[in-house]
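Encoded as structure tokens, the structure appears first; notes follow it.
The values are calculated or read from the model by the stated rules, or taken from the named source; none is laboratory data. Every value quoted in this text rests on a predicted model; they were computed, and no experiment measured them. All Cβ positions, glycine included, derive from the backbone under ideal geometry; neighbour counts span all protein chains shown.
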Amino acid sequence: MILLLTGAPARVDAQSVGDQIALGDSLLHSLHPDQALPLFQAALRTDSTNYMALYKAGRAAVDVAKQITADNGPERKRRDSLYQLARSYAERAIRSDSTDAEGHYTLALALGRLSRTMGGRDRLRYGRIIRDQASLALVLDPNHDGAHHVLGAWNAEVKRLSGPTRFFAKTLFGGGFLASASWDSAVIHLNRAVTLNPGYIYHLLELAEVYRDIGQPAEAIKQLEVIQTLPDSDVLDPQHRKRAAELLKELRPKAPDSH
């Protein structure tokens, strides 16, 4: 495997587009997005409108960016530029094929991740696009667990906004698009994401955090306990598992029926 990866840059443009996408996809699924992204980019140098290469490049760029935790300096700039790159790939994918869910989901995912690095007011700039793109992905594929997650998280994030931020939103944007957000919708969409992909740790963690926020610690604990039994399927799963353990420690004393 080491020989394959170290030799890839010299051979990548000699491979067919299909081979580049397939190898990039395998690296993405094996949690090596930094190695997958150049392969998708190489495919796009040959076929700049290839839908699969575009949305998968966007997905890989997100997975690289979300591992960068710096809040300032060059690393933050790199992270934000990767999210913007993912946005560009997603928008190009949608122009290539607007009838498939993956491009819309990738756009919602990239902007959702980018918005979480910002303050409340800055998040509002992307809020409508995130909601609309995730909703459109679900129209095209009602069983898209990622789109359900994004929409559930969007509802939760809106409900967590402070009063002053809500006032700012109403003043600047009219605020009407925020009125549709509810805790019930957050629970419904995140529960659906878990049902569709029960092995994805981040679905369970986000659902647990919503249950915590609405005062249902026992339900949160159920999700968090499952997390401890699951293997990694995302580059951030070690951090997700650590966060789940912290929440368990916090919530167990608050839930008399927990063990």
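Taking region 77-87 as the search range and keeping residues that are touching a residue at least 24 places away in the same chain (Cβ under 8 Å) and surrounded by fewer than 20 Cβ atoms within 10 Å (Cβ to Cβ), which one is farthest from Val139 (Cα to Cα)?
At the first step, the residues of region 77-87 found to be touching a residue at least 24 places away in the same chain (Cβ under 8 Å) are 79-80, 83-87.
Those still in the list that are surrounded by fewer than 20 Cβ atoms within 10 Å (Cβ to Cβ) too: 80, 84.
Working: Asp80: 29, Gln84: 25 Å.
Among those that are touching a residue at least 24 places away in the same chain (Cβ under 8 Å) and surrounded by fewer than 20 Cβ atoms within 10 Å (Cβ to Cβ), it is Asp80.
Within region 96-113, how many residues are under 20 Å from Ala193 (Cβ atoms) and surrounded by fewer than 24 Cβ atoms within 10 Å (Cβ to Cβ)? Lay out the reasoning, then the answer.
First, the residues of region 96-113 that are under 20 Å from Ala193 (Cβ atoms): 100-113.
After this cut, where a residue has to be surrounded by fewer than 24 Cβ atoms within 10 Å (Cβ to Cβ) as well, the list is 100-101, 113.
Selection size over region 96-113: 3.
What are the pairs with Cβ atoms under 7 angstrom where one residue, in region 25-54, is farther than 15 Å from Ala65 by Cβ and the other, located anywhere, is among the aromatic types (Phe, Trp, Tyr)? Sequence gap at least six, or different chains.
Short answer, once both residue conditions are applied: Ala53/Phe40; Leu54/Tyr89.
Taking the options Tyr89, Tyr105, name whichever one is part of a helix (DSSP H, G or I) and within 14 Å of the chain's Cα centre (by Cα). Don't jump to the end; show me each part of the working.
Values: Tyr89 fails: within 14 Å of the chain's Cα centre (by Cα).
The unique qualifying residue is Tyr105.
In region 44-76, which residue that is among the small types (Gly, Ala, Ser) and more than 16 Å from the chain's Cα centre (by Cα) is surrounded by the fewest Cβ atoms within 10 Å (Cβ to Cβ)? Break it down stepwise before answering.
Narrowing region 44-76 to residues among the small types (Gly, Ala, Ser): 48, 53, 57-58, 60-61, 65, 70, 73.
With more than 16 Å from the chain's Cα centre (by Cα) added as a condition, the list becomes 48, 53, 70, 73.
Values: Ser48: 11, Ala53: 29, Ala70: 11, Gly73: 8.
Filtering region 44-76 for residues that are among the small types (Gly, Ala, Ser) and more than 16 Å from the chain's Cα centre (by Cα), the one surrounded by the fewest Cβ atoms within 10 Å (Cβ to Cβ) comes out as Gly73.
Can you list the helices (runs of 4 or more DSSP H) found entirely within region 140-259 that contain at least 1 residues being in contact with a His (Cβ under 9 Å, 6 or more places away or on another chain) and modelled with pLDDT of 95 or more? Even if it seems obvious, please write down each step before you answer.
Details: elements: 145-160, 163-173, 183-196, 201-213, 217-227, 237-251.
Correct list: 145-160, 183-196, 201-213, 217-227.
Kindly check whether there is at least one residue in region 120-141 that is touching a residue at least 12 places away in the same chain (Cβ under 8 Å), exposed (fewer than 15 other Cβ atoms within 10 Å of the Cβ), within 26 Å of Leu23 (Cα to Cα) and not hydrophobic (A, V, I, L, M, F, W, C).
For region 120-141, residues touching a residue at least 12 places away in the same chain (Cβ under 8 Å), exposed (fewer than 15 other Cβ atoms within 10 Å of the Cβ), within 26 Å of Leu23 (Cα to Cα) and not hydrophobic (A, V, I, L, M, F, W, C): absent.
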